[in-house]
Amino acid sequence: MGHVSQRESIQRAQADVPVIAGAQNDIAARITTLIGPETNAWVRWSLAIIITALALLGRWLLDPAFGDRVPYGLLYAAVAFSAIYLGLGPALLTSVFGFVATIQLFVPPRGAFLIRDVPHAAEALTYIGVCTLIIAAGEVNRQSKEKLSAALEQLAQRQKALEIFSTELEFRVAERTIELKQAEESARQLGAQVLKMQDDERKRIARELHDSIGQIAALLNLNLGRLGGTAKLTQGEAEILSDAKQLAQGLVHEVRTISHLLHPPLLEEMGLPSALTWYVEGFSKRSEIVTCVEIAPDFGRLPAECEIAIFRIVQEALTNVHRHSGSKRATVRLTAEPANVRVEILDEGKGIPIEKRRNFAGGGAMGVGLRGMRERVAQLGGVMDLRSSDAGTTVSATFPVSTNQSAAAAG
């Protein structure tokens, strides 16, 4: 009975996760609505001061419990809020104002702008480093959102223009057949350009993450190591410094992982088999879905546009397996023939609803992921197939790549 009760508790907790996540997304959406890009600058600065004051008030209320330990604890949340929702200037104000006020109020000797011992100096350096990372990440996120918003607006305008053009063509279809074919070709080229822009932007963001935030995190880790090697610390102080160093190391690892997921360097340096093996291994660890890769040992290089298309298709298909299928196992199979290359992603999940399968077969409305996969395959003149049942789903794509093309790409 104890095991049954425990299992029921776990199931109820898992059922509550989507509700909690939805509530969090709803709160974030409301905050973004209230504090949009058009919000007055004075309002943003005022909110930054208020949020910092609230964090300091909370720390003051907790002072009987914490004393002079973790003096900056609540300020990290205030800095993160300011960086995400208020902008660069308010985030800097929050970090500096909070830093000065904390030294005055919570770091002994209180009431003086002094840091007289190593533990508080380490905490101050950690605070400065983490605030720098938070503000840098918030700024990168803000710039990416602005560019994405501009691109979406431009795409919406082009889509609207295309819809108007298509409506006019319906009245002149008999005499405008040639023009209609030209418009379809233009739309295909536009889709190819959008995919290329998306890949280029992912590559740029990955490089920026690696060269900016990754380097900052590495330097922070190095400084913490130097601090631990030069100071005589008590056991408790050494444990705090060790925890901070582990956090910095974890941050370096996370930034590197995100950067490689956006644009894996192995794809250019070693080729598709190495990149797929690396990605699938990481996917298995993150998702706890047992995933294997089946690739012939002598599989060579392909044209660059074909390799990136296959990698993105595998990436999107495995993401769908993790989000929707409920499968515990998956397989990625890559085979080469004299005239084509075929990639298959198989799972043992609950399958795709029949209505969505019909839409896919008829070329109708479908999810963003499937639509993106189909556009990539069509761009290279390939064929995509989707088979699904209660026993699982298979997504496959076949690309016309000759042996000569593969050899040329490898050379």
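We did not get these values from a lab; they are worked out from the coordinates using the rules stated. These numbers were taken from a predicted model, which means no experiment stands behind them.
Give the separation of the Cα centroids, region 268-342 to region 129-181, in Å.
Using only Cα atoms, the two centres lie 29 Å from each other.
Would you work out if region 269-410 is rounded, prolate or oblate? Take a ≥ b ≥ c from the square roots of the eigenvalues of the alpha-carbon gyration tensor; rounded if a/c is under 1.5, else prolate when a/b is larger than b/c, oblate otherwise. Walk me through the numbers before you get to the answer.
Details: a/c = 2.10, a/b = 1.31, b/c = 1.61.
Because a/c hits 1.5 or more and a/b fails to exceed b/c, region 269-410 counts as oblate.
Hey, can you grab everything whose amide H is under 5 Å from the amide H of Ile352? Only 5+ residues off in sequence or another chain; H modelled, so Pro and N-termini drop out.
Excluding prolines and chain starts, which carry no amide H, the hits are Ser389.
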